[in-house]
Amino acid sequence: MKIRKAAIIDPLEGLFMEEAIQEAAQQTFMEEEAYEFQWSPLDPHPKQQAFLDFLGLEALYGGSAGGGKTAGLLMGALQYVHCSDYSALLLRRTYAELAMPGALIDLSHRWLDSSPAKWNEMMKTWKFPSGASITFGYIQHPGDEQRYRTSMFQYIAYDELTTFQENMYRYLFSRLRRGKGSTIPLRMRGASNPGGEGHDWVKQRFLLDEKDTRRYVPATLLENPGLDHESYLASLQELDEVTRKQLLEGDWDVEDDRLIPYSLITSCETPCLWDDGVTSKPRPQLYIGIDFGRTRDLTVIWIFELIGDVLWTREVVVLDNAPFSFQKSEILKRMDRRVVAVRVDQGGIGMQMTEELEEEFPSQVEGVSLNSSNQGRLGKALKISMENRNIRIPTDPKIREDFRLVRKIGQRGGIPILETERSAVGHADRFWACALGHEAAGTFRSMKPVLISRQPQLRTVKG
Ligand SMILES: Nc1ncnc2c1ncn2[C@@H]1O[C@H](COP(=O)(O)OP(=O)(O)OP(=O)(O)O)[C@@H](O)[C@H]1O
Ligand SMILES: [Mg+2]
């Protein structure tokens, strides 16, 4: 059945409409309608039942491998298929993962092939006699989530949630809606083991940021009656210790080797734009760090303003695949009298730019070679300032992910040996621009730790 547009409540447009959605989700609904499991051949085990019983906005079924998470998500999708105005969307990061044996589509065929539900191969959708539907999809690349821009679902579930980026998850809140008068709860669901690209944001959201409308249900392997525990435990013993703890014990806290802990990044986050209400001096003192890239890497210009003992990020400019002349014009635009010092990455692609800038602005610009020992020194200094709360950075999932790309693989003479990973957001280009900006504020290192609890309202930063 088609849902008429006029019947949609809350014409939610755009990103991150979580609050409005939460309000809608709290509306009453008929609980007794929720439990009809004739579509699933399995009886939910107690943890799956706890996951299904929660009808609030967000839930993560997480922890150890083999706990019945994927099956739990599909059971959740089937909870309301008796309602005509119900649509569910089940997601994996790639199509290949969606279609693998044992994965969501395969499982759905095992459960539904002999049922009255009809499969549409082209649409990857099950249609139920009531008119309800369950669709399978994937969000492989940033921006792919836009594919669901015109759709409306009451249940959206991400299998292996830590394989997704936070933006992909948050965007689809705007697709979680229901028709006027509908009593179907709006549910955003995830299932995941710890570890993986999205480990940090998933842990933060579901295990640390508590909310009444959000629940974490820990999955344990031994509770799943559908698995041969002995052989599965034996095969998990072959894994390295960190992965074993994540998969076997569902441990979200095993130590990793990233230089900057995730909690340290979030503790330095705050709105940072010029007009955030923080009084700057009549003549602001600016410090700039620039990390250069061209074809593979980003060029990032990171601008700090020093106020008291704190470096406030004023602007983060991210240039993707920009030609030399454009990069230079973006830098020149920002080179005014307020700029006290600029430190630029003089290696590789940055060499010519550094020379030109040093010549034009001899008292402000200085090249820094990001060799191994300088990387260690700059990284360590930035980390100490972050620990002392001398740094303010914008709240941005890409910055979080970028800062986590720097790994500490050893130590020499008190200086960490760092290695930079690559991911969809870049090659820690933002981190190095920030570290160079911090280096530019040279005197800053002698400053005392401070604690500022100012939390002005959230703003978006360009880039
Ligand atoms: N309630 C249940 N009763 C019987 N068998 C179940 C139940 N739940 C899941 N199973 C079976 O247990 C096996 C593992 O389940 P599932 O794939 O859902 O686990 P998972 O936690 O997603 O695993 P992974 O971590 O590997 O993704 C599957 O064969 C599934 O059919
Ligand atoms: Mg699974």
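Put simply, the amide H of Tyr158, placed in the peptide plane, has neighbours under 5 Å in Leu91, Arg189, Gly190, Ala191, leaving out anything fewer than 5 places away on its chain. The amide H of Gly198, built 1.01 Å from its N in the peptide plane, has Thr163, Phe164 as neighbours under 5 Å, considering only residues 5 or more places off or on other chains.
Can you tell me how the range 143-283 classifies by the Cα gyration tensor, rounded, prolate or oblate, using a/c under 1.5 as the rounded cut?
Numbers: a/c = 2.53, a/b = 1.25, b/c = 2.02.
Taking the square roots of the gyration eigenvalues as a ≥ b ≥ c, the range 143-283 is oblate.
Placing +1 on the Cβ of every Lys and Arg and -1 on the Cβ of every Asp and Glu, with nothing else charged, gives the chain a dipole about its Cα centre of roughly 1180 debye. Alpha-carbon geometry of the chain: the Rg and the Dmax are 25.1, 77 Å, given in that order. If one computes the Cα centroid of the range 99-115 and of the range 361-428, what distance in Å separates the two points? The range 99-115 and the range 361-428 have Cα centres spaced 46 Å from each other.
Ordering Ile303, Phe431, Pro323 by the projection of their Cα atoms onto the charge dipole of the range 262-446, which places +1 on the Cβ of Lys and Arg and -1 on the Cβ of Asp and Glu, puts Phe431 at the extreme positive end.
With contacts taken as Cα pairs under 8 Å at a separation of at least 6 residues, the chain carries a relative contact order of 16 percent.
Couplings 3J(HN,Hα) of the range 363-379, computed from phi: 7, 10, 9, 9, x, 10, 7, 8, 7, 4, 6, 5, 4, x, 5, 5, x Hz, in residue order, whole Hz [Karplus 6.51 cos²θ - 1.76 cosθ + 1.60, θ = phi - 60°; x for Gly and Pro].
Can you give the FRET efficiency for Glu360 and Arg422, using 1/(1 + (r/R0)^6), R0 = 30 Å, r = Cβ-Cβ distance, to the nearest 0.05?
0.40
For the range 5-248, the Kirkwood radius over C-alpha pairs fed into Stokes-Einstein at 10 °C and 1.306 mPa s yields D = 87 µm² per second. With all pairs of separate Cα atoms included, the range 58-176 yields a Kirkwood hydrodynamic radius of 14.5 Å.
The value obtained for the range 201-354, namely the Cα convex hull volume divided by the number of residues, is 202 Å³ per residue. Seen from all directions on average, the range 262-446 presents a Cα convex hull projection of 10.1 nm². Along the range 166-182 the Karplus relation, 6.51 cos²θ - 1.76 cosθ + 1.60 evaluated at θ = phi - 60°, assigns HN-Hα couplings of 4, 4, 5, 5, 5, 4, 6, 4, 6, 9, 8, 9, 9, x, 4, x, 5 Hz to successive residues, with x for each Gly and Pro.
The phi-based Karplus calculation (6.51 cos²θ - 1.76 cosθ + 1.60; θ = phi - 60°) puts the 3J(HN,Hα) values of the range 245-252 at 4, 5, 7, 7, 9, x, 7, 8 Hz, whole numbers, x for Gly and Pro. Take the cross-link list Lys211/Lys380; Lys47/Lys245; Lys47/Lys203 and give me the ones stretching past 24 Å between alpha-carbons. From Lys211/Lys380; Lys47/Lys245; Lys47/Lys203, over 24 Å: Lys211/Lys380. Give the shape of the range 334-394 as rounded, prolate or oblate, defined through the alpha-carbon gyration tensor: a ≥ b ≥ c are the square roots of its eigenvalues, a/c under 1.5 means rounded, and otherwise the shape is prolate if a/b is larger than b/c and oblate if not. Oblate, since a/c reaches 1.5 and b/c is not below a/b.
The trypsin sites (Lys or Arg not before Pro) found in the range 119-159 that occupy coil by DSSP, while having at most 11 further C-beta atoms within 10 Å, are Arg149.
Each value in this text was obtained by applying a stated rule to the coordinates, not by laboratory testing. These numbers come from a predicted model, not from an experiment. Reconstructed Cβ throughout: ideal geometry from the backbone, glycine too, with neighbour counts over all protein chains shown.
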